[in-house]
Each structure stands twice: as C-alpha cells, then as structure tokens.
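Enquirer: To start, I am sharing the structure in question, which I have written as structure tokens.
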Amino acid sequence: MTDDMPTMVRLERNELDFTLTYEDRSEFVVSYDDLRHACPCAKCSPLRNDDESSKSLRRDIEKLPAEKPKIRKVGKYALGFEWVAGCSSGIYRFERLWLLANRLDPDNGKPYVHGAW
C-alpha cells in the first residue's frame, strides 16, 4: 500500500464517472473512460506500452456506449468492474485506484511484462 494513501471509505457510481472518498475526507472523481484505459489485465496493459497503441486503446474505449459498471470486491485489496461492453477482466488494487484518482501513472512508467514472477 502507498505509505500516504488513506483508506477508501466510499465509492459512488455516477453516470459517466465515479467519486472516491477517503477517510481523510478527500474526494476524487475518475471517469469511466480513464478507468477502462488503465485496465491492468493481460490484454489491455500491453496496449499502453507505446503511444500509438495507447491512443488506439483510448479511441476504442471512447467508442463504447456510456454505462455504469457493476462493482465487485476482490478480497480485501481490490475491486473489479463489470461492463456490458468492453473488458471486465482487470483487477484494480486500491493503490491503483488511488494513483488514478490523483492523476498519477498507475503503471509507474513500467511496461507490461507477462510471465512468471
């Protein structure tokens, strides 16, 4: 967990984005398009490794119909977002959501590498 990351206490789904509220009363709005673009799954992550494929991924996401996803807890460390259209495979650790909320790179500048860790 990021050292200075407060605990998330609320996630409110809106029509085009969601609002995250933390225990220190800070609030952040993240668009569903930004969330989808930051999908950490093995299919989406490599598409952000270079500028052209990242831009193409963004365009593909923006073509999808606007929708409010269902949300599922993944253990005590992450959330999953389920969409009618598009990728629903990503598991978003709370740290990743915090970085997105703060407009920081959730990949920490690292390319996606698949394989045994």
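Where a number appears in this text, it was derived from the coordinates with a stated rule and is not lab data. The shown structure was predicted, so the numbers you read here are calculated from the model rather than taken from an experiment. Methodologically, a virtual Cβ is constructed for each residue, glycine included, from the backbone with ideal geometry; neighbour enumeration extends over all protein chains shown.
Enquirer: Which of the residues spanning the stretch 12-63 are assigned to a loop (DSSP other than H, G, I, E, B), more than 20 Å from Pro111 (Cβ to Cβ) and free of Cβ contacts under 8 Å to residues at least 12 places away in the same chain? Break it down stepwise before answering.
Expert: Initially, the stretch 12-63 is screened for residues assigned to a loop (DSSP other than H, G, I, E, B), giving 14-16, 23-26, 38-44, 49-50.
Now restrict to residues that are more than 20 Å from Pro111 (Cβ to Cβ): 14-16, 23-26.
Arg25, the sole residue that qualifies.
Enquirer: State all residues of the stretch 27-64 that are of a type outside the set (A, V, I, L, M), within 20 Å of Arg93 (Cα to Cα) and loosely packed, with under 13 Cβ neighbours inside 10 Å; if no residue qualifies, say none.
Expert: Those that are of a type outside the set (A, V, I, L, M), within 20 Å of Arg93 (Cα to Cα) and loosely packed, with under 13 Cβ neighbours inside 10 Å: Glu27, Lys43.
Enquirer: Here's something else I'd like to know. Filter the stretch 74-117 for residues that are outside any loop (DSSP other than H, G, I, E, B), crowded, with 16+ Cβ neighbours inside 10 Å and hydrophobic (A, V, I, L, M, F, W, C) and give the result.
Expert: Scanning the stretch 74-117 gives Ala78, Leu79, Phe81, Ile91, Phe94, Leu97, Trp98, Leu99, Leu100, Ala101.
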